[in-house]
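K.L.:
Below are the structure tokens for one structure; questions will follow.
The values are calculated or read from the model by the stated rules, or taken from the named source; none is laboratory data. As the structure is a computational prediction, the values presented were derived from the model and not from experiment. Neighbour counts run over all protein chains shown; Cβ positions are idealised from the backbone, glycine included. These area figures cover heavy atoms from the full protein model, side chains too; ligands, DNA and RNA do not enter into them. Shrake-Rupley method; radii C 1.70, N 1.55, O 1.52, S 1.80 Å.
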Amino acid sequence: MGKTRPRRHEARPGHLAPLIVAALLAHGPALAACQGASCHAIRFGAAGLDDCPGAGCPALRDAIEAQQRYLNLFGALQSAPSASRPAEAAAQAQPDEARAAEADLSMNMPPEPDDPELLARMQAGLSYVGANLVPLLRYQSAVGSEKDRAAASTWLSLRGMVPRLERIAVTPGAHATMTAILTLLARPGDRVLCERITYPGLRNIAGRLGIELVGVPMDLDGMLPDALDAAIRGTAPRAVYMNPTLQNPTTLTVPLERRLELSEVINRHGIPLIEDDAYGFIPSKAPAPLAVSAPELTWHIGGLAKCIGAGLRLAYTVAPSGREAHALAQALRAVSVMPSPINMALATQWIEDGTADSIRRFIRAESAARQQIAAEALDGHRYCSEENAFNIWLALPDGIGRADIVARMAGRPLGLMPADAFTVAGPVSDKLRVCLGGAISRDALREQLFFLANVMAPNAFMG
């Protein structure tokens, strides 16, 4: 009896190598000329690849690495529970170390939940997502379903906002939302006003759109109303951007009286305002958004990245009117088609069952605890902070440059960002944004901040 031949869709470890090589031969002239392209070891996945005559060829090395990734995946699939036993597979699911290691320390991250009960509630939300998985894989509205926008309305009410549903859009994160709004309001070469020290994400977006940012002078209460009025008169901007609560990076919160003064200037000039309320949900008693006092001009972006989790890539956006919300939908459709229905469903479930508010309260309390750690570790150093901020704005001692500190702290699990990234106008100060959140534990944070304090000591730089 002849040997049973494998079905066409059943890949075997030794069979992918010739496919890789064939593909690279078709698309990579460098590999076509490589001495190892016909090597038996490469073609059949045998050992001894380092002895291949073309082993030093970069194109061939890429083929070898691709083959090895396949072999690793093949082994994992062989040991994984059968797809015919999904309940068993779900029960055996374990945290993935590769995913746990992923973190972008250049971002200002909130503390991550570690309470077992809260984590269990968060995971329970995935059961709802799983029960509705097939419809959630469809193309859907560019601004969220009515159910998701109703949940957004509930969440926005925590900030004292009660807009009509037609003005609310569920959008794919604050960055995409700001990009879409700016494409509606400005063209390359136009000007947009912002705080003199502002969110670097705005600087990146504006640069890519060819928009000139004009920094408006600030004090400890935020943007100065008279300076804003003068800048509007003098620069003919297309819009104003503000991040008024726990501002990134300074941590300042614009008080209510100043907000009313700024709203008066906005209303008098009839200029659109982009209000980035990323941190507005964190404090227990944050002042009302500027959108409340300038509703017909304000694009209010209530991002979920800081108050729930950045991985959701969602924001609850309130447009100045239903007509402008429709225009935003069209702009977003061109940029990202739609927000993820799976992520929207999870966020909506968490809002409806109270999990989202529990996450928000955890972040609030944990941020306060970490500010206490910073106060202990950095005693004697000058910095700006607020109780519920998850960063500090650190002033370096005289004679010590921000580049020196960033270099000394390189490779450590502490997010540092120099003032250069935030400064739109005026001299760049020797300051750093130090993130206290993310995956780092309290004990590890304390250790890293003590190390930072030692690095800033006068005798730390001995060459």
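K.L.:
Mind telling me which of the residues R159, R167, R191, R187 ends up being closer than 24 Å to A310 by Cα, of a type in the set (K, R) and over 23 Å from the mean Cα position of the chain (by Cα)?
P.N.:
Numbers: R159 fails: over 23 Å from the mean Cα position of the chain (by Cα); R191 fails: closer than 24 Å to A310 by Cα; R187 fails: closer than 24 Å to A310 by Cα.
That would be R167, the only listed residue that is closer than 24 Å to A310 by Cα, of a type in the set (K, R) and over 23 Å from the mean Cα position of the chain (by Cα).
K.L.:
Let me ask something else about it. Is it the case that region 219-234 has a residue that's modelled with pLDDT of 95 or more, open to solvent by 50 Å² or more (accessible area, probe 1.4 Å) and part of a strand (DSSP E or B)?
P.N.:
yes
K.L.:
Consider L378 against the criteria (1) open to solvent by 10 Å² or more (accessible area, probe 1.4 Å); (2) over 30 Å from A120 (Cβ atoms); (3) of a type in the set (A, V, I, L, M): it satisfies all of them except one. Which criterion is unmet?
P.N.:
Failed condition: (1).
K.L.:
Here are some residues: R167, R208, R238. Which one is modelled with pLDDT of 95 or more and out of contact with any Asp or Glu (no Cβ under 9 Å at 6 or more places or on another chain)?
P.N.:
Among R167, R208, R238, only R208 is modelled with pLDDT of 95 or more and out of contact with any Asp or Glu (no Cβ under 9 Å at 6 or more places or on another chain).
K.L.:
Picking from E387, E366, which residue would you name as being at negative phi and open to solvent by less than 50 Å² (accessible area, probe 1.4 Å)?
P.N.:
On the way: E387 fails: open to solvent by less than 50 Å² (accessible area, probe 1.4 Å).
Answer to the check: E366.
K.L.:
Mind listing whichever residues of region 175-191 are of a type in the set (A, V, I, L, M) and either touching a Lys or Arg at 6+ places or on another chain (Cβ under 6 Å) or surrounded by fewer than 21 Cβ atoms within 10 Å (Cβ to Cβ) (or both)? Give the steps one after another, and end with the answer.
P.N.:
First pass over region 175-191, keeping only residues of a type in the set (A, V, I, L, M): 176, 178, 180-182, 184-186.
Hits for region 175-191 are A176, L184, L185, A186.
K.L.:
If we scan region 148-161, do we find a residue that is more than 25 Å from Y279 (Cβ to Cβ) and acidic (D, E)? Spell out how you get there, then give the answer.
P.N.:
Filtering region 148-161 for residues more than 25 Å from Y279 (Cβ to Cβ) gives none.
Checking region 148-161: not a single residue is more than 25 Å from Y279 (Cβ to Cβ) and acidic (D, E).
K.L.:
Could you grab me the full set of residues in region 259-292 that are in a helix (DSSP H, G or I), within 17 Å of A227 (Cα to Cα) and either in contact (Cβ under 8 Å) with a residue 40 or more places away in the chain or open to solvent by 30 Å² or more (accessible area, probe 1.4 Å) (or both)?
P.N.:
Our first condition is that a residue be in a helix (DSSP H, G or I); within region 259-292, this holds for 259-269, 290-292.
Okay, now just the ones that are also within 17 Å of A227 (Cα to Cα), so 259-269.
Residues satisfying the conditions are L260, E261, L262, E264, V265, N267, R268, H269.
Listed here are the residues, each with its yes/no results for (1) closer than 21 Å to Y241 by Cα; (2) in a helix (DSSP H, G or I); (3) charged (D, E, K, R).
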position: P295; (1), (2), (3): yes, no, no
position: A305; (1), (2), (3): yes, no, no
position: P320; (1), (2), (3): yes, no, no
position: I342; (1), (2), (3): no, yes, no
position: E352; (1), (2), (3): no, yes, yes
position: I359; (1), (2), (3): no, yes, no
position: I363; (1), (2), (3): no, yes, no
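K.L.:
Follow-up. So which residues in region 355-377 are free of Cβ contacts under 8 Å to residues at least 60 places away in the same chain and of a type in the set (A, V, I, L, M, F, W, C), if there are any at all?
P.N.:
Result: A365, A368, A375.
K.L.:
Now a separate question. If I ask for residues that are farther than 20 Å from R360 by Cα and open to solvent by less than 50 Å² (accessible area, probe 1.4 Å), which ones from region 155-174 would you list?
P.N.:
Selection gives P163, R167, I168, A169.
K.L.:
So in region 289-307, with the set limited to residues that are of a type in the set (A, V, I, L, M) and within 18 Å of A319 (Cβ to Cβ), which one is nearest to the chain's Cα centre (by Cα)?
P.N.:
Residues of region 289-307 that are of a type in the set (A, V, I, L, M), as a first pass: 290-292, 294, 297, 301, 304-305.
Cutting the leftovers down to within 18 Å of A319 (Cβ to Cβ) gives us 290-292, 294, 297, 301, 304.
Values: L290: 24, A291: 23, V292: 26, A294: 28, L297: 26, I301: 14, L304: 10 Å.
Across region 289-307, the extreme among qualifying residues is L304.
K.L.:
Something else about it: Condition (residue is of a type in the set (S, T, Y), farther than 24 Å from A124 by Cβ, open to solvent by less than 50 Å² (accessible area, probe 1.4 Å) and not in a loop (DSSP other than H, G, I, E, B)) applied to region 403-426: is it met by at least one residue? Working first, answer last.
P.N.:
Going residue by residue through region 403-426, those that are of a type in the set (S, T, Y) are 423.
Pick out the ones that are also farther than 24 Å from A124 by Cβ and you get 423.
Now narrow it down to the ones that are open to solvent by less than 50 Å² (accessible area, probe 1.4 Å): 423.
This time we only want the ones that are not in a loop (DSSP other than H, G, I, E, B), so: 423.
Among the residues of region 403-426, at least one is of a type in the set (S, T, Y), farther than 24 Å from A124 by Cβ, open to solvent by less than 50 Å² (accessible area, probe 1.4 Å) and not in a loop (DSSP other than H, G, I, E, B), which makes the answer yes.
K.L.:
Output the qualifying pairs, or none if there are none: Cβ atoms under 6 angstrom, residues six or more apart or on different chains, first residue in region 211-238 and within 17 Å of D190 (Cα to Cα), second residue among the charged types (D, E, K, R).
P.N.:
I211/D190; E212/R191; V214/R191; G215/R196; T235/R191; P237/R191; R238/D190
K.L.:
Filter region 93-111 for residues that are in contact with a helix residue (DSSP H, G or I) (Cβ under 8 Å, 6 or more places away or on another chain) and hydrophobic (A, V, I, L, M, F, W, C) and give the result.
P.N.:
M107, M109
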